[in-house]
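Input: a single structure, listed below in C-alpha cells.
Every number here is computed from the coordinates shown, using simple stated rules; none is lab data. Just so we're clear, the structure is a prediction, and the values are computed from it rather than from any experiment. Note: ideal-geometry Cβ built from the backbone for every residue, glycine included; neighbour counts use all protein chains shown.
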Amino acid sequence: MKKVERYVYPAVFTYEPDQEIAVDFPDLKCATSGTNDDDALLSARELLGCVLYGMEEDEEEIPDPTPLAEVETQPNERAVLIDVYMPSVRMAQINRSVNRTVTLPAWLNAAALERNINFSQVLQDALKTQLHMG
C-alpha cells in the first residue's frame, strides 16, 4: 500500500462557555480538546497523525475525508480543515524511545552512578558500535 504524504480532514470545533474546545473528526470517529484555538488545533493535528499512523500500520482502510462544505455544524460549532504531514509522524514513531531492563553487577552500577554516567546514552552508543551503525 502506497503511503500518503499529507492527509487533510475536517474537524468540528465546538465552543461551550467555561469549557475546553471540543474537537471531533466525524470521518475518523475520534475526538480531542484544547484550552484555546491554538491548543485545540495542535491537539487535533497530533491526534490526526496518531490515528492515521495506527490505521496505516494496521493496514486498515482509511476513509475519504468529507468535503468541508458538506460538514454539518451547529451555531456554536465551526468546521476546520486539519492537515498532517505523515513523514514527520512516521519518523517520530521510528525514533521514539522504548524502555529496556538491563542487569549488571552491583559494583559496576555503583561505579557508574558515582561518575554520573548516563546509562541510556552508553547503551545506545555501545549498540550502535556493535551494530556498525555509527
Relative contact order of the chain, defined on C-alpha pairs under 8 angstrom at six or more residues apart (%): 26 percent
With each run of n ≥ 4 DSSP H residues scored as -39500 (n - 2.57), what mean residue ellipticity at 222 nm is computed for the chain after dividing by its residue count and rounding to the nearest 500 deg cm²/dmol? -12000 deg cm²/dmol
Please arrange Met133, Met55 by counting, for each residue, the other beta carbons lying within 10 Å of its beta carbon, fewest first. Met133, Met55
Lys/Arg +1, Asp/Glu -1 at C-beta; the chain dipole; positive extreme among Ile117, Ser88, Trp107: Trp107
Mind checking the range 28-109 for trypsin sites (Lys or Arg not before Pro) that DSSP puts in a loop (not H, G, I, E or B) and that have at most 10 other Cβ atoms within 10 Å? Lys29, Arg96, Arg100
Straight-line reach from Lys128: which lysines have Cα under 19 Å away, leaving out those fewer than 8 places along the same chain? none
GluC sites (Glu not before Pro) within the range 38-134: which are DSSP loop residues with at most 14 other Cβ atoms inside 10 Å? Glu59, Glu60, Glu61, Glu72
Cα axis of helix 37-57 to longest principal axis of the chain: angle in degrees, 0 to 90, nearest 10? 70 degrees
If I model a spin label as a point 7 Å beyond the Cα along the Cα-Cβ vector, how far apart are those points for Cys30 and Trp107 in nm? 5.1 nm
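Taking the beta-carbon count within 10 Å as an exposure proxy, list Ile94, Ile82, Ile117 from fewest neighbours to most.
Ile94, Ile117, Ile82
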Sort Thr66, Thr32 so that the residue with the fewest other Cβ atoms within 10 Å of its own Cβ comes first and the one with the most comes last. Thr66, Thr32
Let's see if you can work this out: charge +1 on each Lys and Arg Cβ, -1 on each Asp and Glu Cβ, no other charges. What is the dipole magnitude of the chain about its Cα centre, in debye to the nearest 20? 1100 debye
Kirkwood-type radius of the chain, with distances r between different C-alpha atoms, in Å: 18.3 Å
Förster radius 30 Å - calculated FRET efficiency between Ser88 and Arg115 (Cβ-Cβ, nearest 0.05): 0.20
